[in-house]
């Protein structure tokens with residue numbers, strides 16, 4: 001876990017937005033996000049995920065996006 005902590009600190013210093021965009025239930029997303037120490041959005045459809053990403057891009061922020069392969073074609 002030490003590597004993740006160092007990487008997280010580096011990403012924070014670089015002002016990279018770290019979000020969990022999940023289609024899963026709020027409880028599952030909250031549990032995972034809490035473990036990673038990041039913000040989350042839950043119960044999203046693929047088009048909702050695109051909307052969130054577009055909002056972040058409009059703010060000209062860097063974004064670290066981790067997503068399951070099954071929804072990547074929509075993004």
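The values are calculated or read from the model by the stated rules, or taken from the named source; none is laboratory data. The shown structure was predicted, so the numbers you read here are calculated from the model rather than taken from an experiment. Positions of Cβ are backbone-derived with ideal geometry, glycine not excepted, and every protein chain shown enters the neighbour counts.
Which count do you get for residues in the stretch 1-36 that are at pLDDT 85 or above, surrounded by fewer than 16 Cβ atoms within 10 Å (Cβ to Cβ) and in a loop (DSSP other than H, G, I, E, B)?
Count: 1.
Would you pick out the residues in the stretch 37-52 that are loosely packed, with under 15 Cβ neighbours inside 10 Å and more than 12 Å from the chain's Cα centre (by Cα)?
Within the stretch 37-52, 43, 45, 47, 48, 51 meet the criteria.
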